[in-house]
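Trainee: Quick one: the structure is below, questions incoming.
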Amino acid sequence: TFSQKNHKVVLFPGHGIGPEISQAVCDIFAAAKVPIDWEHHEIYTKPINEAGDLIKEESLNAVINYKWGLKGPFATPIGKGYRSLNVTMRKKLNLFANVRPCRSLAGVKTPYSNVDLVTIRENTEGEYSGLEHAVVPGVVENLKIISQPACENIARYAFEFARKNNRKKVVACHKAGVMKKGDGLFINTCKKISSEYPEIEYTEEQIDTVCMKLSKNPEVFDVMVMPNLYGDIVSDLCAGLIGGLGLTASGNISHTCAVYEAVHGTAPDIAGLNKANPTALLLSGVMMLKAMGLQKEGFAIEEAVIKTLSEGKFLTGDLGGKATTTDYTKAVIGHINL
Ligand code: NAD
């Protein structure tokens, strides 16, 4: 848990629809009387220094100082010479866990109605360690790193998350039948940590079986913890189960700070047209409020979103409706019950 004295939050509106959906979040948070002050920071579309960074050092320091950040989508520059924003942020802020809750939302029709899952993805190593080279022409070695400290961090985070959020089960997803040492270390570490959380049911499941079960009967899972690549894929699969990326919140967590973000992109096709659905960024903000200890405001906003979606009168185009971003925002505000 982070300090609750300081409720200053860094806001990165980002690009494309980012500023519009950020404005919607600010308006809804103000209506719910959320006791935070936003500090706006920019993400650049061109490198701002020789290292190729797209973000100022002072913005990263602000996240470290205030402990909380909310980030809209950003346009990835085309070409070489820049450093991935996610890599810069992850390295400087040590955002080791990516958390994505996916819960069925009334009013959003999908083949599944009872989805309530959380994927917790190891975010610093595994297949995405960035270590690949050609051994000889035509043969590439791509190294998957699994280290005990990173496994312990993510496993402990998953169990702590389950405990704090009254979740009953944690499943460690792996392919240790084939990658006996690497994924073996991952599950052995999860198993060891699980003994400290006897109230939470712990199981292990091969990642291919997890995908089969998710598509057949997603209710069987609760909290799922996994290495980087599996988490990247399975978290999008779970977003699909509840209606897509426009509804899905996420958080990138370190031991001392966290940056919450919508998982969709900048939607250039509808940017500036007042058509974007702000739900994903809004629910990311709600996740942040709950982690900050602002449960009352978090639940009030979440309930207002659920009511607005299930009522179905003010749905944005991506959900088959005709409402503008501002119509939807007003409808959510109208449903806030403090
Ligand atoms: P996208 O998510 O921006 O758009 C895909 C489709 O989904 C589009 O039709 C878009 O209109 C729609 N959509 C997405 N979010 C929506 C919302 N909130 N409301 C309504 N409709 C929505 O994906 P893309 O087109 O592949 O990428 C566009 C840009 O975004 C690229 O520059 C890409 O690099 C960037 N991107 C950024 C992030 C991020 O910042 N985390 C993630 C993905 C893509």
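Just so you know, all these numbers are worked out from the coordinates, no wet-lab data involved. Because the structure is a prediction, the values reported are computed rather than measured. Cβ sites come from the backbone with ideal geometry, for glycine too, and all protein chains shown count toward neighbours.
Trainee: Could you tell me whether any residue of region 122-136 is closer than 26 Å to ALA258 by Cβ, within 16 Å of the ligand (Cβ to nearest atom) and in a loop (DSSP other than H, G, I, E, B)?
Mentor: yes
Trainee: On to the next question. Considering each of ASP208, ASP222 in turn, give the residue that is within 21 Å of ASN98 (Cα to Cα) and either touching a Leu at 6+ places or on another chain (Cβ under 8 Å) or surrounded by 14 or more Cβ atoms within 10 Å (Cβ to Cβ) (or both).
Mentor: Result: ASP222 is the single residue among ASP208, ASP222 that is within 21 Å of ASN98 (Cα to Cα) and either touching a Leu at 6+ places or on another chain (Cβ under 8 Å) or surrounded by 14 or more Cβ atoms within 10 Å (Cβ to Cβ) (or both).
Trainee: Let me ask something else. Condition test on SER235, is it away from the ligand (no atom under 12 Å from the Cβ), of a type in the set (Ser, Thr, Tyr), part of a helix (DSSP H, G or I) and out of contact with any helix residue (DSSP H, G or I) (no Cβ under 8 Å at 6 or more places or on another chain)?
Mentor: yes
Trainee: What are the residue pairs meeting all of these: first residue in region 239-262, first residue without any contact (Cβ under 8 Å) to a residue 60 or more places away in the chain, second residue part of a helix (DSSP H, G or I) and surrounded by 22 or more Cβ atoms within 10 Å (Cβ to Cβ), Cβ atoms under 8 Å, and 6 or more apart or on different chains?
Mentor: LEU245/ALA239; LEU245/ALA280
Trainee: Given the structure, is THR88 assigned to a loop (DSSP other than H, G, I, E, B), under 22 Å from GLY14 (Cβ atoms) and of a type in the set (Ser, Thr, Tyr)? Full working, then the answer.
Mentor: Values: assigned to a loop (DSSP other than H, G, I, E, B): no; under 22 Å from GLY14 (Cβ atoms): yes; of a type in the set (Ser, Thr, Tyr): yes.
No: the conditions fail for THR88.
Trainee: How many residues does region 268-304 hold that are within 13 Å of the ligand (Cβ to nearest atom) and either part of a helix (DSSP H, G or I) or over 18 Å from the mean Cα position of the chain (by Cα) (or both)? Working first, answer last.
Mentor: Start the filter on region 268-304 by keeping residues that are within 13 Å of the ligand (Cβ to nearest atom), which leaves 268-284.
Cutting the leftovers down to either part of a helix (DSSP H, G or I) or over 18 Å from the mean Cα position of the chain (by Cα) (or both) gives us 268-276, 279-284.
So the count comes out to 15.
Residues are listed down the side, and each one gets a yes or a no for (1) more than 22 Å from GLY246 (Cα to Cα); (2) within 16 Å of the ligand (Cβ to nearest atom); (3) part of a helix (DSSP H, G or I); (4) touching a residue at least 12 places away in the same chain (Cβ under 8 Å):
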residue	(1), (2), (3), (4)
SER22	no, yes, yes, yes
LYS46	yes, yes, no, yes
SER59	yes, yes, yes, yes
ALA62	yes, no, yes, yes
PRO73	no, yes, no, yes
